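Data first, discussion second: the structure below is written as structure tokens.
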Amino acid sequence: MKIERTSSLICYAAVLLVSIIALGACNPALYKKPTEDFQAASESLRDVYFLEWELSNRAQIERFDLEDQVMIWTSPAGVSTAELKRVSTKMAERRREDIHEQLRPLREQAFAALDGYASTLVSLSSGEPTERIQSELTGLVGDIGDTLEAAKKLNLADGALSKLQKYTGPLQQYVGVLNEIISLVSDVVREQAIIDTIGKSNESIIELLSILKEEAEAAQDNALRQTKFANESINNFMSHAKFQQASNDTKAVILKRRAELEVIEQQIASLDIASSFEAAVKAQGALVEKAILKEPGDWTVRIKRFKEQVAATRMKIEKINSEM
């Protein structure tokens, strides 16, 4: 009897141990820190994206301002007060313009979708009430829907219209995904909700990251191109007779600005915007491998690299913007 009881206790303990190990292995809390890192990195990626567009706009302003200044400096008969006022007004208008203003809401919603995805994973792994998670997702669905409806009413030229259409498809698709996630979120099956959220969101998240990467690279290319044009304007003026006739103080100001723009041009050229978005795709891949394929490997490391990569890129762009 005693032997049988001891054997039963051993068997029970073994089963209990296996159960504890199994629960630990699928504990939703295991996702908490990695998904928090993913969310923080996604927020920084948004900063990188919009800072790059800001740099692109500022480079364009700098280029056209310098062209106007060179026109004034090289004018053979001097420039009238009326002409100076006209140029001054034009320069002021440039600072009020945002050439991407109409598309900004869609771009914001692309990042809102990315943040909503990451936030849902964090909330599920943190044990937050499912009602709150569902409420936040419902609000995101409404915001994206409103933005898509407003986008239909925009009167855009072909280039801008093409960019708009790139966003509307994936965002509309993600609205459907979000509605599915809202219905599956449950206290009882949190880990399954995490797995389903990652799986159902993956295609839309990857597509949105691809579009955002393409546009961020375009912003970098434009910033570099405009800075090159600005440098050319200064170099052209320096070969003009009027530069030789300028005061030493004026020459010093122009030479200083040329040196600054040459450094800025080099810094823009060395920016690796693409790597930040590629790191985001790899981090998403790490989540998929962990949750769905059950082959996690270095999944937390890849998410951490995403966070570090995008933080470093953001610092570089902030520095260039401060010098522009």
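Throughout, read-outs are computed from the coordinates displayed, never taken from laboratory work. For clarity, every value in this text was computed on a predicted model and none was experimentally measured. Here Cβ is always computed from backbone atoms with ideal geometry, including for glycine, and neighbour counts include all displayed protein chains.
Quick one: Cα centre-to-centre distance for the stretch 154-169 and the stretch 182-236, in angstrom? The two parts, judged by their Cα centres, are 17 Å apart. Comparing Gln69, Gln60, Gln220 in a Gaussian network model of the chain (Cα springs below 10 Å), the most mobile by mean-square fluctuation is Gln69.
Think of the chain as a dipole: +1 on every Lys or Arg Cβ, -1 on every Asp or Glu Cβ, centred on the Cα centre; then among Met71, Thr130, Trp53, Met71 lies furthest on the positive end. Running a GNM on the chain with Cα contacts under 10 Å, which residue among Ala112, Ala157, Ala311 ends up with the highest mean-square fluctuation? With Cα springs under 10 Å in the chain, the top fluctuation among Ala112, Ala157, Ala311 is at Ala157. As a rough footprinting exposure proxy, the listed residues Lys152, Lys166, Lys90 were ranked by other beta carbons within 10 Å of their own, and the order from fewest upward is Lys152, Lys90, Lys166. Sequence-distant contacts, meaning Cα pairs under 8 Å at least 6 residues apart, place the relative contact order of the chain at 30 percent. As a rough footprinting exposure proxy, the listed residues Leu164, Leu114, Leu140 were ranked by other beta carbons within 10 Å of their own, and the order from fewest upward is Leu164, Leu140, Leu114. Counting only aspartates and glutamates at least 8 places from Lys228 when in the same chain, those with an alpha carbon closer than 13 Å to its own are Glu62, Glu67, Glu260, Glu262, Glu265. A Gaussian network model of the chain, with springs between Cα atoms under 10 Å, assigns the largest mean-square fluctuation among Gly159, Gly139, Gly297 to Gly159.
Taking volume of the Cα convex hull per residue in Å³ as calculated from this structure, the corresponding entry among (1) 158; (2) 145; (3) 130 is (1). For the stretch 29-105 versus the stretch 304-324, the spacing of their alpha-carbon centroids is 17 Å. Put in order of Cβ neighbour count within 10 Å, fewest first, the listed residues Glu262, Glu93 become Glu93, Glu262. Among the listed pairs Lys163/Lys304; Lys294/Lys316; Lys85/Lys251, those with a Cα-Cα distance over 28 Å are Lys163/Lys304; Lys294/Lys316.
Dipole of the chain computed with +1 at Lys/Arg Cβ and -1 at Asp/Glu Cβ about the Cα centre; of Ala241, Leu171, Phe38, farthest Cα towards the positive end is Ala241. Computed from point charges on the beta carbon alone (+1 for Lys and Arg, -1 for Asp and Glu), the dipole magnitude for the chain about its Cα centre is near 520 Debye. Per residue of the chain, the DSSP helices (runs of n ≥ 4 H) give a summed -39500 (n - 2.57) that works out to -30000 deg cm²/dmol at 222 nm. Near Gly142, once Lys and Arg are set to +1 and Asp and Glu to -1 for all other residues with Cβ below 12 Å from its Cβ, the sum equals -4.
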